[in-house]
Amino acid sequence: MSPVALPGSGQNVPGFGDLPIWLVLIKVLLVFVFLVVMTLFAIVFERKVVGRMQNRIGPNRVGPWGTLQSLADGMKLAFKEEIIPVLADKAVYWLAPVVSAVPAFLAFSVIPFGPTVSMFGHRTPLQLTDLPVGVLVVFACSSLGVYGIVLSGWASGSTYPLLGGLRSAAQMISYEVAMGLSMVAVFLFAGTMSTSGIVSSQDHLWNVIPLIVSFCIYAISVVGETNRAPFDLAEAESELVGGFHTEYSSFKFAMFFLAEYINMITVSALATTLFLGGWRAPWPLSLWHGANAGWWPVLWFVGKVVAFIFVFVWLRGTLPRLRYDQFMHLGWKTLIPINLVWILAVTSIHVLRDRGWPAWKATVLPLGIVLLLIVVPALMAYEGYTARRLAAAAEDDEDAGREEPTFPIPPLDLRVPTSPVRREPVTAGLRGGATALDRTIDHGDTSDG
Amino acid sequence: MHEVLLAAGPLRHGTVPLGEAIAFWVLGPIALAGAIGMVLLRNAVHSALSLVATMGCLGAFYLIQQGPFLGLVQIIVYTGAIMILFLFVLMIVGRDASDSLVETLRGQRWAAALLGVGFALLVAIGIGRAVSPVTPTDLNSPNAGGNNVHSIAALLFTRYLFAFELTSALLIVAAVGAMVLAHVEREGPRPSQKRLARERIRSGRPQPLPGPGVLSQHNAIGTPALLPDGSVARESVMVGSMESQEERQALPTPSAGEGGFE
């Protein structure tokens with residue numbers, strides 16, 4: 001996937017492929033540093049924002065306003081004792097965090113940070129590399145990241161991690177389908193799968209406006225894909241202790257932590273690229289001609305990514321965790337069918353426009369047909385389903401009216417047994433009268449700490 | 001051997017770009033080691049992981065041989081989805097499950113030998129054709145300007161449309177078949193949460209059954225829990241599918257020395 005491995009420049013997207021090696025290495029380093037710094041930032045940001053949402057201040061001890069908190073946490077994690085369970089499969093246990101973290105970093109290689117700029121005397125795009133199938137690279141990396149979670153769950157040799165790993169595998173594969181389908185409409189609109197091509201196709205109108213349905217489905221499914229609340233069933237602490245990483249400690253745990261946050265940043269960056277105009281300046285700023293040239297676009301890009309991360313944190317601070325079956329129903333029975341119908345409509349609009357139909361006619365006709373033939377019957381079927389369910393619930397209520405069960409409670413005249421007589425603790429050297437213990441208790445908090 | 005060296009000629013004489021040569025010599029051994037490991041490793045999960053490594057390397061090979069779409073689809077579909085499902089099944093089977101030495105299918109050795117020989121023949125023919133002097137196709141013109149996907153789509157939906165549709169029909173039949181086989185008809189409507197809660201309260205025992213071995217000296221699954229007064233809680237032991245009260249009553253009472261308060 002590195003640019004070194006791509007022969008010639010014939011198959012590349014124009015602008016890549018004839019760069020000197022040292023410049024590519026500098027770009028690799030910059031992307032790496034960006035991801036690590038963004039992770040440190042995102043952790044503090046999340047804790048501060050969640051704190052404010054819960055009427056707290058959040059971390060405020062380390063560094064100015066607590067900004068260095070995640071650095072301190074990272075140092076602490078790296079120096080902690082590492083405990084490996086006896087039953088762990090050593091090789092796979094070691095491999096899992098690496099498999100989790102490496103694809104997370106790799107995925108960022110195709111994300112465009114900005115337009116072509118001048119860097120050390122070379123004109124080069126602010127993007128590590130691009131392929132004609134750039135978005136699929138991100139997709140492939142996220143599907144490889146599943147291995148890290150599944151393998152860690154299995155290799156720990158413990159029950160809760162195994163359950164967490166299996167759950168998360170099912171969850172991520174299911175939501176990958178919805179996520180992939182929501183990208184299809186973008187590919188149709190842009191006519192390319194390369195990330196730089198998709199950004200340049202949004203110079204007039206961001207994809208989020210015409211493809212609002214795809215954007216919503218993408219935004220929902222990436223929360224499931226990254227195992228974040230309210231879809232964090234893989235590490236549901238109320239059910240599974242810590243899920244797949246229960247048995248991990250020290251630096252290996254830090255790798256999982258890193259991978260989770262980088263994945264969050266990656267899907268935010270991909271959402272920015274696919275739907276929010278990439279590095280292009282938002283509306284009032286875009287009136288200024290210099291906004292989309294030089295190094296300014298990096299700022300707009302990072303701003304959009306941070307805004308998307310804020311939504312992630314907002315969700316976590318607001319919504320309770322879903323039940324597993326409800327979560328799977330949402331993915332398979334709601335998101336995917338809606339997506340398929342939507343793609344059908346978008347494709348029809350696309351084909352009709354290509355045939356030279358006027359824009360409004362080519363838009364209204366397919367949407368009308370889809371509404372009439374698919375959405376309306378589906379809604380009617382859903383109405384029927386709801387009515388049947390309500391009827392069943394009413395039947396249950398009738399059943400309850402006949403014999404109202406009560407929770408078994410103790411009788412009202414229950415005699416509570418008297419407490420056993422307290423025996424005096426026997427201490428060597430102090431017999432009779434008040435003991436040393438009693439005296440400590442009598443004098444309150446003098447011996448505390 | 002001579003033919004193999006001939007085929008490797010472009011690699012040795014530098015007509016292959018440096019990056020491609022490096023990628024080939026790094027990934028080739030990994031792919032081979034993965035394939036050998038898949039056959040030789042005892043643990044089923046390790047074996048599956050070796051196969052994952054091989055498939056990932058194959059994807060990278062497609063990438064460096066001017067097939068970016070094919071390479072990434074290989075990684076997404078085979079490495080990402082299908083092998084994960086394999087792993088899923090292997091993990092549910094259990095980490096210590098060993099191979100059964102009893103053959104349940106009659107004549108499977110003969111069938112396996114026949115298929116193996118047939119597959120070896122196919123591979124031999126394929127390699128034979130690869131090392132014979134063939135002119136490699138230049139993909140630069142169909143891939144020019146990032147048109148890789150467009151070229152594949154054009155071929156897939158014109159020249160190979162019939163094969164494509166046939167394959168998709170096969171996949172749909174397989175998916176529907178799996179669904180039909182795994183489908184279980186529900187007897188009567190699904191009880192609502194409200195009804196389940198009421199039935200539980202009516203049963204006179206809303207709390208869960210005590211776990212085995214609670215307050216006892218052992219925590220083995222067959223050791224009954226003890227109530228606070230030291231008597232045996234019979235509901236705490238479930239032997240096989242024995243659920244009814246009568247069957248639990250028939251349990252042997254543990255001897256007096258076992259359990260109880262100290």
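The values are calculated or read from the model by the stated rules, or taken from the named source; none is laboratory data. Please read all numbers here as calculations on a predicted model, not as lab measurements. All Cβ positions, even for glycine, are placed from backbone atoms using ideal geometry, and neighbour counts span all protein chains on display. Heads up: the accessible areas ignore ligands, DNA and RNA and are worked out on the full protein's heavy atoms, side chains in. Shrake-Rupley method; radii C 1.70, N 1.55, O 1.52, S 1.80 Å.
Let me know the mean shielding of B:51-58 by other chains, meaning the per-residue number of their Cβ atoms within 10 Å of its Cβ.
Details: counts 0, 4, 0, 0, 0, 3, 0, 0.
What the average comes to for B:51-58 is 1.
Considering only protein heavy atoms, what per residue accessible area in square angstrom results for the stretch A:129-234 with a 1.4 angstrom probe? Could the numbers behind the result be given before it?
Numbers: 2450 Å² over 106 residues.
That works out to 23 Å² per residue.
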Largest first, please: the extent of the C-alpha atoms of chain A along each principal axis, to the nearest Å. 101, 68, 47
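Return the value, in Å² to the nearest 100, of accessible area buried between chains A and B (probe 1.4 Å, both sides summed). Intermediate values should be presented prior to the final figure.
On the way: alone 25290 and 20670 Å², together 42050 Å².
Summed over both sides, the interface buries about 3900 Å².
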Quickly work out the B:Ser132-to-A:Phe79 label distance, labels modelled 7 Å from Cα along the C-beta direction, and quote it in nm with one decimal. 6.9
A drop of at least 40 square angstrom in accessible area, chain alone versus all protein chains together, probe 1.4 Å. Which residues of the stretch B:147-185 meet that? B:Val149
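Relative to the present Cα-Cα distance, how much length would full extension add between A:Ala392 and A:Val306 at 0.36 nm per residue of separation? Before the final figure, lay out the partial values.
Details: separation 86, 0.36 × 86 = 30.96 nm, distance 4.67 nm.
The span from A:Ala392 to A:Val306 would gain 26.3 nm if fully extended.
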Neighbouring partner chain Cβ atoms per residue of B:76-84, average, 10 Å criterion: 5
Between A:Leu340 and B:Leu161, how many nm apart are label points set 7 Å from Cα along the C-beta direction? 2.3
Over 31 Å (Cα to Cα) among A:Lys304/A:Lys361; A:Lys27/A:Lys333; A:Lys27/A:Lys90; A:Lys252/A:Lys333; A:Lys48/A:Lys252 -> A:Lys304/A:Lys361; A:Lys27/A:Lys333; A:Lys27/A:Lys90; A:Lys252/A:Lys333
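For the stretch A:300-374, with every protein chain kept in place, what is the accessible area per residue (1.4 Å probe, Å²)?
Accessible area per residue: 59 Å².
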Can you tell me the orientation of helix A:359-370 relative to chain A, as the angle in degrees between its alpha-carbon axis and the longest Cα principal axis, to the nearest 10? 40
Over chain A, with every protein chain in place, what whole percent of the accessible area is carbon and sulfur at 1.4 Å, could you tell me? 68
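Compute the FRET efficiency between B:Ile30 and A:Asp354 as 1/(1 + (r/R0)^6), taking r as their Cβ-Cβ distance and R0 = 35 Å, and round to the nearest 0.05.
Numbers: r = 45 Å, r/R0 = 1.27.
About 0.20, to the nearest 0.05.
Given the -39500 (n - 2.57) contribution per DSSP H run of 4+ residues, what per-residue ellipticity at 222 nm results for chain A, rounded to the nearest 500 deg cm²/dmol? Walk me through the numbers on the way to the answer.
Numbers: 16 runs with 262 residues, N = 449.
So the helix-based figure for chain A works out to -19500 deg cm²/dmol.
How large is the Kirkwood hydrodynamic radius of the stretch A:324-384, in angstrom, based on all distinct alpha carbon pairs? Let's see the in-between values first.
Numbers: mean 1/r = 0.0776 Å⁻¹.
Result for the stretch A:324-384 stands at 12.9 Å.
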Label model pair A:Phe251, A:Thr347: point-to-point distance (7 angstrom along the Cα→beta-carbon line) in nm is 4.9
